[in-house]
Amino acid sequence: MIKILFICHGNICRSAAAEMVLKQMIREKGISGIEVDSAAATREEIGNDIYPPMKRALQERGYRCEPHAARQTVRADYDRYDLLIGMDTENLYDMKRIYGGDPGRKISLLRNWAGEPGMEIDDPWYTRDFRGALRQIEEGCKGILRRFTV
């Protein structure tokens, strides 16, 4: 079982969207053995659902939005998950602070999986381009599936 945790600032836009996208891709391809979840690097949105404009962007692209309540990642997540995937470099900084580093080299950026090392998923909270961020997320999720399926 491969366990993946997506992380963004508040867990209401990018990481929540990545969770919904990858889960649906896994269902549609009939893949087993991959568990997916998401969390925040901060506490400010704990308990909140997916941000409505991101939820609309997901639904417009045909993604099912499961019930969601934002949560903050905790140190124990480092041992629980095989991959901890952040959306931007600030997320990576926060993750390493929370986890006490990255001794197992489990932390990466989502766009690394799309063959775009070092590139960030644009934050639609600021850009207001939820569809554009979703396209970037989809490419990263496709890259993850290429890596773990034949």
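The values are calculated or read from the model by the stated rules, or taken from the named source; none is laboratory data. As the structure is a computational prediction, the values presented were derived from the model and not from experiment. For neighbour counting, all protein chains shown are included, and Cβ atoms are generated from backbone atoms with ideal geometry for every residue, glycine included. Each accessible area value is taken on the protein alone, full model and side chains, heavy atoms only, with ligands, DNA and RNA left out. Shrake-Rupley method; radii C 1.70, N 1.55, O 1.52, S 1.80 Å.
Checking each residue in the range 109-150 for being in contact (Cβ under 8 Å) with a residue 40 or more places away in the chain, hydrophobic (A, V, I, L, M, F, W, C) and open to solvent by less than 70 Å² (accessible area, probe 1.4 Å) picks out 110, 121, 130, 133, 134, 137, 141, 144, 145, 148. When 92, 83 are screened for being on the phi < 0 side of the Ramachandran plot, crowded, with 20+ Cβ neighbours inside 10 Å and either in contact with a strand residue (DSSP E or B) (Cβ under 9 Å, 6 or more places away or on another chain) or touching a residue at least 60 places away in the same chain (Cβ under 8 Å) (or both), only 92 passes. Of all the numbered requirements in (1) buried (at least 19 other Cβ atoms within 10 Å of the Cβ); (2) among the basic types (Lys, Arg); (3) under 25 Å from residue 147 (Cα atoms), residue 55 misses one, and that requirement is (3). When residue 67 is tested against the conditions (1) closer than 14 Å to residue 11 by Cβ; (2) open to solvent by less than 70 Å² (accessible area, probe 1.4 Å), the lone failure is (2).
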